[in-house]
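Asks: Here it is, the structure in full.
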Ligand code: GLY
C-alpha cells in the first residue's frame, strides 16, 4: 500500500466509525446542515416538520453517508438506518414536503436511487422516479433550463438557474435509464448545455447563478448568492462545475461537457493555495486570512478523480488524479477532528459567508463528499452513486430491465 493510500484508508476507517456512531445516536432524526465546533445536532423544525425532520437540501447526504459506510462494512444496522431514511424520502416526495427546489437530485440520488440500485427496493425506485418528475416540473420554456429555487410563479426567482444543479441532473439521466422514457435525459441535456454555454465565463471562472428571460428564453447574466461578488468565482460553485460537468459527460457521452469540466478544473487548480484547500471564494489567494472551504475541496477531489478517469492515462489524467489524491490527503491530515471530540467528519467548511451561516464549520455535504473521495480513491471499481443505473450507460440507450445493478462492495457483501 502506498503512503497516501494508507492515509486515506485509515481516514475512511475513522469516518466509517463516526458514521456508525451517528446512526445510533441520531436514530431517525436528521442532523442539521452544519455542525457547531464539530458537533451536529438534530436539524431544527422547518417546512412543517418537527425537530430532526426531513426538509431542506442536505438530508440526503446523511443517507449517502450511511450507504457508503454500509458498503464498506456490510453491517445490517447501517443498512436498516439507510432504509429508514429512504422510507422518509418516499413520504417526502409523496407529500411534496419542501420540494420546490432543484436540489431533488442531491436528495434522491443518494437515498432512493442508491437504495434501488444496491438493494432492489422497488418503492425506492418509484420514489426516485417521482422526484425526477418533480424536477422536470421546474423546466422553464423556452430556455429549457431548470429553475433553481422557489415556487415557479415567484417573480423573484423565475428564470434563475444555479451551477449546483449540475449535480441534480444525474437523477434525470437515471430516470430515463430505468424507465425507458427519454424525455428526462433530453431535459437534462438541454439544461446542462445551457449552463455549458453561459455559466462559465471566458476566463474559465463560473457564475454561481445565471438568469434567463422567461418570455423569449434569452440569457440575461450571472449573479452570486454565496460568493464574494457577482464578478468573483465562488469556490464551491467551481467545484460543482468540475464534478457536475464530468458526471453529465459520463451520463450523456457528450464531449463538450468534458471540455467544460476541464475548463472548470484548470481554473480551480490554478487558484489553489499551496496546501491544496481553496479559500471560500477563488478571488482570494495564498497569504489572505479568509476561511477555507473544505467542502469545496472534497467535491473537487471527487470531480478531479472522475475527470482523471475520463481524460485517460496521459499526463493530463495523471495531473487530475494527483490533485484529487493530494486534496484528499490534505483534508484527512489537516481538517479532521480529534477522535472522540466531534461527530462531524470534515472541519473548516463555509456554507454561506455573506449571510454568516456555517462559516469555518463542518457541514453534511462536506462530510459526504470527503467520504466519497476516500471511498473512490481507495476502492477501484466502486461506482459513484451519481452514476448508478442499468449498466451505468448513457440514457441514450435506455432499457427498463426491472433489475437493480449490484456493484462490487469493498470489504463486504450486500
Ligand atoms: N447547494 C448549495 C450549496 O452548495 O451551498
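The values are calculated or read from the model by the stated rules, or taken from the named source; none is laboratory data. The structure displayed is predicted, hence computed values, not measured ones. For neighbour counting, all protein chains shown are included, and Cβ atoms are generated from backbone atoms with ideal geometry for every residue, glycine included.
Asks: Answer with yes or no whether residue 338 is within 21 Å of residue 6 (Cβ to Cβ), surrounded by 19 or more Cβ atoms within 10 Å (Cβ to Cβ) and away from the ligand (no atom under 16 Å from the Cβ).
Replies: No.
Let's see how each residue does on (1) in a helix (DSSP H, G or I); (2) modelled with pLDDT of 95 or more; (3) more than 16 Å from the ligand (Cβ to nearest atom):
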residue: 236; (1), (2), (3): yes, yes, no
residue: 240; (1), (2), (3): yes, yes, no
residue: 244; (1), (2), (3): yes, yes, no
residue: 247; (1), (2), (3): yes, yes, no
residue: 259; (1), (2), (3): yes, yes, yes
residue: 266; (1), (2), (3): yes, yes, yes
residue: 272; (1), (2), (3): no, yes, yes
residue: 275; (1), (2), (3): no, yes, yes
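Asks: With the checklist (1) surrounded by fewer than 24 Cβ atoms within 10 Å (Cβ to Cβ); (2) under 19 Å from residue 117 (Cβ atoms) in hand, flag the one item residue 358 doesn't pass.
Replies: (2)
Asks: Do we find that residue 368 is closer than 20 Å to residue 234 by Cβ and either in contact with a strand residue (DSSP E or B) (Cβ under 6 Å, 6 or more places away or on another chain) or surrounded by fewer than 17 Cβ atoms within 10 Å (Cβ to Cβ) (or both) in this structure?
Replies: no
Asks: Can you tell me how many residues within segment 42-70 are surrounded by 15 or more Cβ atoms within 10 Å (Cβ to Cβ) and away from the ligand (no atom under 16 Å from the Cβ)?
Replies: Counting residues in segment 42-70 that are surrounded by 15 or more Cβ atoms within 10 Å (Cβ to Cβ) and away from the ligand (no atom under 16 Å from the Cβ) gives 12.
Asks: Would you kindly identify the helices (runs of 4 or more DSSP H) lying entirely within segment 99-155 that contain at least 1 residues that are surrounded by 19 or more Cβ atoms within 10 Å (Cβ to Cβ), within 16 Å of the ligand (Cβ to nearest atom) and modelled with pLDDT of 95 or more?
Replies: 104-108, 122-136
Asks: Still on this structure, please answer the following. From 333, 322, grab the single residue that is over 20 Å from the mean Cα position of the chain (by Cα) and under 13 Å from residue 377 (Cα atoms).
Replies: 322
Asks: Under 7 Å between Cβ atoms, at least 6 apart or on separate chains: pull out the pairs that start in segment 251-266 with a residue that is farther than 19 Å from residue 386 by Cβ and end on any residue that is at pLDDT 95 or above and not in a helix (DSSP H, G or I).
Replies: Note: pairs meeting the criteria are 263/200; 263/204; 266/204.
Asks: Now for a separate question. Name the one entry in 189, 174 that is closer than 21 Å to residue 299 by Cβ and more than 16 Å from the ligand (Cβ to nearest atom).
Replies: Answer to the selection: 174.
Asks: Identify, from the list 105, 64, 120, 60, the residue that is in contact (Cβ under 8 Å) with a residue 60 or more places away in the chain, under 23 Å from residue 379 (Cα atoms) and in contact with a helix residue (DSSP H, G or I) (Cβ under 6 Å, 6 or more places away or on another chain).
Replies: Of 105, 64, 120, 60, the one residue that is in contact (Cβ under 8 Å) with a residue 60 or more places away in the chain, under 23 Å from residue 379 (Cα atoms) and in contact with a helix residue (DSSP H, G or I) (Cβ under 6 Å, 6 or more places away or on another chain) is 64.
Asks: Failed condition for residue 317, given (1) in contact with a helix residue (DSSP H, G or I) (Cβ under 7 Å, 6 or more places away or on another chain); (2) outside any helix (DSSP H, G or I), with all others met?
Replies: Of (1) in contact with a helix residue (DSSP H, G or I) (Cβ under 7 Å, 6 or more places away or on another chain); (2) outside any helix (DSSP H, G or I), only one is false for residue 317: (2).
Asks: Considering only residues that are part of a loop (DSSP other than H, G, I, E, B) and in contact (Cβ under 8 Å) with a residue 12 or more places away in the chain, look in segment 156-184 and name the one that is nearest to residue 115 (Cα to Cα).
Replies: So, considering only residues that are part of a loop (DSSP other than H, G, I, E, B) and in contact (Cβ under 8 Å) with a residue 12 or more places away in the chain, the one nearest to residue 115 (Cα to Cα) is 168.
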